[in-house]
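Trainee: Shown below is the structure under consideration.
The values are calculated or read from the model by the stated rules, or taken from the named source; none is laboratory data. A quick note: this is a predicted structure, and the numbers were derived from the prediction, not measured. Ideal geometry is used to build each Cβ from the backbone, glycine not excepted, and the neighbour counts take in all protein chains shown.
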Amino acid sequence: MTLKGIKLRIYPNQKQQTRIKLNFGYNRFVWNQMLYMMIERYKNNPEAKFLNAFALNNLLPALKSEYSWLKDAESTSLQSTNHDLVEAYKKFFKEHTGFPKFKSRKFPKQSYRSSMNIKLLDNHHLKIPKLGTMYFRSGRQITGKIKNVTIRLSATGKFYAVVLVDTEVKELPKTNASVGIDMGVADLMITSDGIKYPTIRFDKILAKKKHYWEKRLARRRLQANKEIAWDKHNKVMNPRELSDFKNYLKAKHMVAKYSEKIANQRNNYLHGLTKSLVECYDVIKIEDLKTKNLLKNHKLARAIANQSWREIRRQLEYKCEWYGKQLVIVNPRKTSQICSNCGYDDGKHTLYIRQWTCPKCGVNHDRDINAAVNILQATA
Ligand SMILES: [Zn+2]
């Protein structure tokens, strides 16, 4: 059995939207209360035992009797929040990542997770505790046992549900083919079969529209801040806040909308690539990205490539697992300077050399395809 997350666009009615937003608030409140308590507890006694999620859940009834409105919360979501807080602490201890932060109402993305009594009624209706029946749309069929559902509100005001299902994934038919993949910047992936998958700059395609709204956003924020400063200076009774400026909010919404669009397009492209790889090959070999060293590229292009490579690796890891294929990570040592035909080491080739001829065996190489073949031939 495999756990699979399926993202659905949900369409809650007005009443359901209000409930969802209230529940975001309840969970934020519990997170902040518990975090505050844990910080104080540590201050009072650094030797005190670290509280696990079970201990935090035991504190919920007391919190509910102190703040009676908390009784309206979806209770499994509060337990999920406690669980997430403990995980955030563990991550901080283990990986020395950032200390858990207090959550703000103003954070553009809000979410909570329910884990009981979630029912799929048909291909377009889901029943969720405290919310009732809700219409949804999804490109994928939901099969298997539903473990939990995460309700999300995006920065542009769209509601989503990510349903985690325990499902049987059918392995893909074997093809007896293997492939080596070199990852680049101008071409995102180059395979040992000689196929080049271009990097598509989705950000550039929408750049004009996004930039139009970014300029407006900057100008409107500046203007709003001036007026807020004026209110404060003149000791106005109810000084305005940024959220009172309608045209500022509109610009902010439009910038978020284009960012979301760009991210979605890029994600769809990468999902298409990794899906076709696991369909075509049984063994997929890629380089260990940690040691990958590409210099002299425009900074933004480099950052986008880096992010895409990480995402491709992440997707290949779980898709190979799901579909019964094998992902092999190899050390990319000298892949661009060794002849994949005879093994001759031609020494370092600068990035400007796109093709070269091996002086020993005379084969002419495309730099990237040769590297991909070397990756295919490398032993892990
Ligand atoms: Zn050679």
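Trainee: Could you count how many residues in the range 354-380 are within 13 Å of the ligand (Cβ to nearest atom), outside any helix (DSSP H, G or I) and not β-branched (V, I, T)?
Mentor: Looking only at that region, the number is 8.
Trainee: Something else: Could you give me the residue pairs with C-beta distances under 7 Å whose first residue belongs to the range 304-320 and is within 13 Å of L273 (Cα to Cα), whose second residue is of a type in the set (S, T, Y) wherever it lies, and which are 6+ apart or on separate chains?
Mentor: That search, which allows pairs on different chains as well, returns I312/T274; Q315/T274; L316/T274; K319/T274.
Trainee: Something else about it: With away from the ligand (no atom under 16 Å from the Cβ), modelled with pLDDT under 90 and either at negative phi or surrounded by 14 or more Cβ atoms within 10 Å (Cβ to Cβ) (or both) as the only criterion, which of L277, L351, L327, L316 stands out?
Mentor: Details: L277 fails: modelled with pLDDT under 90; L327 fails: modelled with pLDDT under 90; L316 fails: modelled with pLDDT under 90.
Only one candidate qualifies: L351.
Trainee: Kindly indicate which of G180, G194, G184, G139 is free of Cβ contacts under 8 Å to residues at least 60 places away in the same chain and of a type in the set (G, A, S). Reasoning before the result, please.
Mentor: Details: G180 fails: free of Cβ contacts under 8 Å to residues at least 60 places away in the same chain; G194 fails: free of Cβ contacts under 8 Å to residues at least 60 places away in the same chain; G184 fails: free of Cβ contacts under 8 Å to residues at least 60 places away in the same chain.
Criteria check complete, one pass: G139.
Trainee: Another question about this same structure. Would you say K285 is on the phi < 0 side of the Ramachandran plot, part of a loop (DSSP other than H, G, I, E, B), modelled with pLDDT of 90 or more and among the charged types (D, E, K, R)?
Mentor: Taking the combined requirement at face value, the residue does not satisfy it.
Trainee: Still on this structure, please answer the following. Collect the residues in the range 108-117 that are assigned to a loop (DSSP other than H, G, I, E, B) and either under 16 Å from R9 (Cβ atoms) or modelled with pLDDT of 90 or more (or both), keeping them in residue-number order.
Mentor: Residues of the range 108-117 that are assigned to a loop (DSSP other than H, G, I, E, B), as a first pass: 108-109, 115-117.
Within the range 108-117, K109, S115 qualify.
Trainee: Another question about this same structure. It is to be established whether one or more residues within the range 266-273 are of a type in the set (K, R), farther than 24 Å from I205 by Cα, surrounded by 14 or more Cβ atoms within 10 Å (Cβ to Cβ) and more than 16 Å from the ligand (Cβ to nearest atom).
Mentor: First, pick out the residues of the range 266-273 that are of a type in the set (K, R): 266.
Add one more test, that the residue is farther than 24 Å from I205 by Cα, and what stays is none.
Among the residues of the range 266-273, not one is of a type in the set (K, R), farther than 24 Å from I205 by Cα, surrounded by 14 or more Cβ atoms within 10 Å (Cβ to Cβ) and more than 16 Å from the ligand (Cβ to nearest atom), which makes the answer no.
Trainee: Based on this model, can you work out whether Q307 counts as over 30 Å from P173 (Cβ atoms), of a type outside the set (G, A, S), within 16 Å of the ligand (Cβ to nearest atom) and modelled with pLDDT of 80 or more? Explain how you work it out, then say what you get.
Mentor: Numbers: over 30 Å from P173 (Cβ atoms): yes; of a type outside the set (G, A, S): yes; within 16 Å of the ligand (Cβ to nearest atom): no; modelled with pLDDT of 80 or more: yes.
Judged against the criteria, Q307 is not a match.
Trainee: Those residues that are closer than 17 Å to V283 by Cα and of a type in the set (D, E, K, R), I need them from the range 156-187; list them, please.
Mentor: Restricting attention to the range 156-187, the residues satisfying the condition of being closer than 17 Å to V283 by Cα are 171-183.
Matches in the range 156-187: E171, K174, D182.
Residue-wise test of (1) touching a residue at least 24 places away in the same chain (Cβ under 8 Å); (2) closer than 23 Å to V149 by Cα.
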| position | (1), (2) |
| --- | --- |
| I6 | yes, yes |
| M34 | yes, yes |
| A55 | no, no |
| P61 | no, no |
| D84 | yes, yes |
| A88 | no, yes |
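Residues checked against (1) over 23 Å from the mean Cα position of the chain (by Cα); (2) exposed (fewer than 15 other Cβ atoms within 10 Å of the Cβ):
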residue: T133; (1), (2): yes, yes
residue: Q141; (1), (2): no, yes
residue: Y160; (1), (2): no, no
residue: M183; (1), (2): no, no
residue: T191; (1), (2): yes, no
residue: K196; (1), (2): yes, no
residue: R201; (1), (2): no, yes
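Trainee: Anything in the range 323-333 that is in a loop (DSSP other than H, G, I, E, B) and within 14 Å of T379 (Cβ to Cβ)? List them, or say none.
Mentor: Step one: list which residues in the range 323-333 are in a loop (DSSP other than H, G, I, E, B), which gives 324-325, 331-333.
If the condition is that a residue be in a loop (DSSP other than H, G, I, E, B) and within 14 Å of T379 (Cβ to Cβ), then N331, P332, R333 are the ones that fit.
Trainee: Continuing with this model, one more query. Looking only at the range 41-81, count every residue that is among the aromatic types (F, W, Y), in a loop (DSSP other than H, G, I, E, B) and under 26 Å from L22 (Cα atoms) and tell me the total.
Mentor: Looking only at that region, the number is 1.
Trainee: For the range 1-20, which residues satisfy the criterion of being part of a helix (DSSP H, G or I) and surrounded by fewer than 14 Cβ atoms within 10 Å (Cβ to Cβ)? Steps first, answer last, please.
Mentor: In the first step, residues of the range 1-20 are kept if they are part of a helix (DSSP H, G or I); the result is 14-20.
Passing the criteria: Q14, K15, T18.
Trainee: Moving on. Looking at the range 344-363, I want the residues that are basic (K, R) and have a partner that is within 13 Å of the ligand (Cβ to nearest atom) and part of a loop (DSSP other than H, G, I, E, B) with Cβ atoms under 6 Å, at least 6 apart or on another chain. Which pairs are those?
Mentor: Correct list of pairs: K348/Q337; K360/C342; K360/Y344.
Trainee: Considering only residues that are of a type in the set (D, E, K, R) and away from the ligand (no atom under 14 Å from the Cβ), look in the range 330-348 and name the one that is nearest to T274 (Cα to Cα). Step through it out loud before you land on a result.
Mentor: Initial filter on the range 330-348 (of a type in the set (D, E, K, R)): 333-334, 345-346, 348.
Now restrict to residues that are away from the ligand (no atom under 14 Å from the Cβ): 333, 348.
Details: R333: 24, K348: 31 Å.
Residue satisfying both the conditions and the ranking: R333.
Trainee: Can you tell me which residue among R105, R152 is of a type in the set (K, R) and surrounded by 12 or more Cβ atoms within 10 Å (Cβ to Cβ)? Explain how you work it out, then say what you get.
Mentor: Numbers: R105 fails: surrounded by 12 or more Cβ atoms within 10 Å (Cβ to Cβ).
Only one candidate qualifies: R152.
Trainee: Same structure again: Can you find a residue that is of a type in the set (V, I, T) and farther than 30 Å from H211 by Cα anywhere in the range 312-323? Give the steps one after another, and end with the answer.
Mentor: Our first condition is that a residue be of a type in the set (V, I, T); within the range 312-323, this holds for 312.
In the following step, the residues that additionally are farther than 30 Å from H211 by Cα were identified as none.
No, because not a single residue in the range 312-323 is of a type in the set (V, I, T) and farther than 30 Å from H211 by Cα.
Trainee: Do you know which residues across the range 203-247 are among the hydrophobic types (A, V, I, L, M, F, W, C), surrounded by 13 or more Cβ atoms within 10 Å (Cβ to Cβ) and more than 26 Å from the chain's Cα centre (by Cα)?
Mentor: A224, I228, L242, F245
Trainee: Next question, about the same structure. Report, ordered by the first and then the second residue, all pairs with beta carbons closer than 6 Å, sequence separation of six or more or different chains, a first member in the range 208-224 that is over 20 Å from I262 (Cα atoms), and a second member that is of a type in the set (G, A, S).
Mentor: If the second residue must be of a type in the set (G, A, S), the pairs left are R220/A251.
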